[in-house]
Amino acid sequence: MMLRRTGFAAMVLALSLMGATAPTRAAPPDVGAADYAASVEILKKRAASGNAGAQNDLGVMYHKGLGVPRNDAEAARFYKLAADQGHTKGQANLGLLHYFGDGVPKNYGEAVQLFRLAAEKNDDVAQFMLGNCYAAGNGVPRNDAEAARYYRLAAEQGNAMAQNDLGRLYERGLGVPKDPTEAMRLYRAAADQGNQSAKLNLTRLAINTPNRITTPPTQPPPANLGAFEVPLRRHLGVLVVPASINGALTVNFVVDSGAADVAVPDSVAEALMHAGAIHDGDFMGKQTYILADGSKVASRVFRIRALRVGDRTVENVRTSIAPGKSVALLGQSFLSRFKSWSIDNDRQMLVLQELPR
């Protein structure tokens, strides 16, 4: 398959600020230009100190023109700084620039090398792009079996573009046995995530082979009165839930019932302060936490006035600030506000049962 340049915009939007400064593998946070500019200043300081995550994030900001004028050459420079330190997303992002010739000369061979480095560390976008390279013979000899292998690795992580392209290989019998039923399943998985090509493929395949493929409608689970569901996203094999903090920044949280409180990385707290979303009066001193390895750490604690998950808002949520590159955790200070909670892995949903009123 020849990946048209028109698909690049959607792909780049699927790439996110990697690290603690914003959600990963998702659309940019829903914040204004002033907030992006403040984030850029924070990232510049961290990048100058050699922080690979910040270098990659700054590359994303330059590539998307968030808080700074768009500059693909600057994006490539910061991606390379991160990639040279072995940063997975930096390698994948720099590979994309070399693949399309944005800010650097187009070089399929260099792109393939970078994609391999990131794919070995389970980056689904790099795996998907390696599948494209093998499918089109860009930078490597054309090999449909290898294309299918890399598409499958990405598809198993929920990458909709890979699911759609792997479905195409099954439909045509390229590199895999011809299997319209498996093609239909993959197209449906991608279409359920909003992939427009998959929706068209799903409709076309159903029309062309109406007697050979049946797709019984999925029966919804029984209604659970007082419960509501929030779609989860998969990142690096972990399901995460997006949540809005004080209406200013959306962050991907790992659901962790073992964490006493909600926790956010210190860079998220800094971004919230720069945006004016948290104030001195929101801070509640320090708390000592015991980590999984038994060590203790003292963290500053503040109050999230409004933590919105799905269409529900929980007020006055106790939150700790975690140092370094830690992930955001949705802990007991949020979960205990509900009667029960569970994760439906099949449908990738967080199910929250509300307390009686």
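Put simply, of VAL140, VAL104, VAL112 the only residue that is more than 28 Å from GLY65 (Cβ to Cβ), of a type in the set (Val, Ile, Thr) and touching a residue at least 24 places away in the same chain (Cβ under 8 Å) is VAL140. Only a single criterion out of (1) among the hydrophobic types (A, V, I, L, M, F, W, C); (2) more than 19 Å from SER244 (Cβ to Cβ); (3) at pLDDT 85 or above is not satisfied by ILE321, namely (2). The single condition from (1) under 21 Å from the mean Cα position of the chain (by Cα); (2) within 24 Å of ARG234 (Cβ to Cβ) that TYR134 fails is (1).
A single member of GLY109, GLY101, GLY86 is surrounded by fewer than 21 Cβ atoms within 10 Å (Cβ to Cβ), more than 20 Å from ALA136 (Cβ to Cβ), assigned by TED's automatic domain parsing to the domain that holds ALA52 and not aliphatic (A, V, I, L, M), and it is GLY86. Here ALA259 passes the criteria (1) in contact with a helix residue (DSSP H, G or I) (Cβ under 7 Å, 6 or more places away or on another chain); (2) at pLDDT 85 or above; (3) part of a loop (DSSP other than H, G, I, E, B) except the one numbered (2). Residues that are touching a residue at least 24 places away in the same chain (Cβ under 8 Å) and under 18 Å from ALA298 (Cα atoms) within the stretch 260-284 comprise ALA260, ASP261, VAL262, ALA263, VAL264, PRO265, ASP266, SER267, VAL268, ALA269, GLU270, MET284, listed in sequence order. For the stretch 145-185, a residue qualifies if it is closer than 18 Å to ARG234 by Cβ and part of a loop (DSSP other than H, G, I, E, B), and the qualifying residues are GLU156, GLN157, GLY158, ASN159. If I ask for residues that are more than 13 Å from ALA277 (Cβ to Cβ) and β-branched (Val, Ile, Thr), which ones from the stretch 238-256 would you list? Matches in the stretch 238-256: VAL238, VAL240, VAL241, VAL254, VAL255.
So in the stretch 315-342, with the set limited to residues that are assigned to a strand (DSSP E or B) and over 25 Å from VAL268 (Cα atoms), which one is nearest to the chain's Cα centre (by Cα)? Of everything passing the filter in the stretch 315-342, SER342 is nearest to the chain's Cα centre (by Cα). Being in the same structural domain as ALA92 (by TED's automatic domain parsing), in contact with a Phe, Trp or Tyr (Cβ under 7 Å, 6 or more places away or on another chain) and at pLDDT 90 or above is a condition met by no residue of the stretch 28-44. Any residue in the stretch 137-144 that is hydrophobic (A, V, I, L, M, F, W, C) and assigned to a helix (DSSP H, G or I)? Checked against the condition, which is being hydrophobic (A, V, I, L, M, F, W, C) and assigned to a helix (DSSP H, G or I), the stretch 137-144 yields no hits at all.
The values are calculated or read from the model by the stated rules, or taken from the named source; none is laboratory data. In this text the structure is predicted, and so the values were computed from the model without any measurement. With ideal geometry, Cβ positions are generated from the backbone for all residues, glycine too; neighbour counts draw on all protein chains shown.
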